Amino acid sequence: MFSMTNALTVSQVVIYGGGMAGALLAKALSPKHQVTLVDPNEYFEVPMSAPRSLVQPGFADGAIIPFKAALPGVSHLRGRLTELRADGGIVSLQDGREQLVSGQVTVLATGSVFSNPLMRAIEGSSIDERKAFYRSYRDRIAESQRILIVGGGPIGVEVAGEIIENHPQKTLTVLEAGPRLLAGTSEAAAEHAARFLRERGVTILTNERLDKAGSGSTDVFGASGEALTHTGRSIAYDLLIWCIGGKPNTGYMQAHFSSVLNAGGRIRVTPELQVVGHANVFALGDITDLDENKMAWHINGHVKVATHNIGAVLAQSSGARKLKAYEPQTGNPKMAVTLGSRHGVVHLPGVGVVRWPAFVRMAKSAHMLVPQYRKVLGV
């Protein structure tokens, strides 16, 4: 049992999660529908901006947008979904109370859980706290000479690019358990990124897994130490940066909806993005079992389909509307990876690998897509 002071019943749409999928969907639905967004934080942060904000904390000023400015037509409830039930969601509020939230349509967009706040803020943090974190981490990077990055995916590569651009004198190592960097894109794009980093003094170790380190993945400000890989290699570091992927944030499904989770904890959805067996519950973003890389590129497609289909579900009383199907981007190597603010590499389907600095700056490196999302959110 839980202690609940009151139940909030929303007549139309409840969206859990204010990341890219949740915030963009709330923006798209709010002109025509009553929308409540449930998220423990008070702001939306452009997720692609984090690698730069870690090194240049002032960059976060534009990348962090208060929900009240971005979503003026949306009711924002600061809290975390802890249990999804047939009659709604149990939400843990900032003050410790619990509340039942229900609506005609439920949308799950809770994203991933990361072991530390490098890429996503701690739940319930304020804008000031998030910006203070970036300033502290900038200082931690500045005072460290030997830096070890664990993880050679897009996050690890982009963090490495930011550090070598701003601190070229540092000793930087990237440790990747797989056979190459950037496993989600083409080999040609990955090779360009690896060559770029190596030419600037970065040591890249692939097919090598971290076995032991002085600080765990949750301790982002950990002291200097020594890392050991599964091959027995020893790597001394002043700062260890964990850039490993997150896990789907779906623990709230375990009590009543575990049957719709796959072995990896992702939610099984229909082509219409409805949770399997539940026509009035939708799921978007990282938490779905869609066969595609969990990349920001795909979120706009999710939002477009979900916006139409949620409107159709809500309009059923006035006549059926055909639902649209989302086509998963299975095997699509599309990716834009920055290597600092002036360089990067882009793989575009039908075009291939684009390395031209002017194009890459225009596409992402110069701005990390912050202006694009500010425009979408109307700020």
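The values are calculated or read from the model by the stated rules, or taken from the named source; none is laboratory data. All values derive from a computational prediction rather than experimental measurement. Cβ sites come from the backbone with ideal geometry, for glycine too, and all protein chains shown count toward neighbours. The accessibility values were calculated without ligands, DNA or RNA, using every heavy atom of the protein model including side chains. Shrake-Rupley method; radii C 1.70, N 1.55, O 1.52, S 1.80 Å.
Rounded to the nearest 20, the Cβ-based charge dipole of the range 254-358 about its Cα centre (Lys and Arg +1, Asp and Glu -1) stands at 260 debye.
Counting 0.36 nm for each residue step from Ala279 to Glu187 and taking away their Cα separation leaves a gain of 29.1 nm.
Measuring nothing but protein heavy atoms, the accessible surface of the chain at 1.4 Å probe radius is 51 percent carbon and sulfur. The slack in the chain from Ala366 to Thr203, taken as 0.36 nm per residue of separation less the alpha-carbon distance, amounts to 56.2 nm. Calculated [222 nm] ellipticity per residue, helices only, for the chain: -7000 deg cm²/dmol; basis is -39500 (n - 2.57) per DSSP H run with n ≥ 4, divided by all residues, nearest 500. Dipole size of the chain about its Cα centre, with +1 on Lys/Arg Cβ and -1 on Asp/Glu Cβ: approximately 840 debye, rounded to the nearest 20.
Taking the centroid of alpha carbons for each part, the range 162-189 and the range 292-355 are 26 Å apart. What do you get for Rg/Rh over the range 244-379 if you use C-alpha atoms and the Kirkwood form of Rh? Across the range 244-379, the Cα-based Rg/Rh ratio is 1.04. Mean projected area of the convex hull spanned by the Cα atoms of the range 180-305, taken over all viewing directions: 10.9 nm². In this calculation the C-beta distance from Ser75 to Lys32 is compared with R0 = 25 Å, giving a FRET efficiency of 0.95. Each peptide among 286-293, 209-216, 55-62, 153-160 gets the average number of other Cβ atoms lying within 10 Å of its residues, and from highest to lowest they stand as 153-160, 286-293, 55-62, 209-216. The alpha-carbon of Lys304 sits under 24 angstrom from the alpha-carbons of these lysines, leaving out residues fewer than 8 places away in its chain: Lys27, Lys32, Lys68, Lys294, Lys322, Lys324, Lys334, Lys364, Lys375. For the chain, the per residue solvent-accessible surface stands at 43 Å², with DNA, RNA and ligands left out and a 1.4 Å probe. Scaled against the 2.2 N^0.38 Å expected of a compact globular protein of N residues, the Cα radius of gyration of the range 249-319 reads 1.15.
Can you give the FRET efficiency to the nearest 0.05 for Lys247 and Leu93, using r as the Cβ-Cβ distance and R₀ = 25 Å? With a Förster radius of 25 Å, E is 0.55. Output the antiparallel fraction of DSSP beta bridges having both residues in the chain, as a percent to the nearest 5. Of all bridge pairs located within the chain, approximately 50 percent are antiparallel.
Size estimate for the chain follows the Kirkwood approach: the inverse of mean 1/r over distinct Cα pairs works out to 21.7 Å. Put a plus charge on the Cβ of each Lys and Arg, a minus charge on the Cβ of each Asp and Glu, and nothing anywhere else: the dipole of the range 277-333 about its Cα centre is then about 340 debye.
Taking 7 Å steps out from each Cα toward its Cβ at Ala223 and Arg342 produces label points 3.9 nm apart. Only aspartates and glutamates eight or more places from Lys131 in sequence, or on another chain, were considered; those with a Cα closer than 12 Å are Glu45, Asp61.
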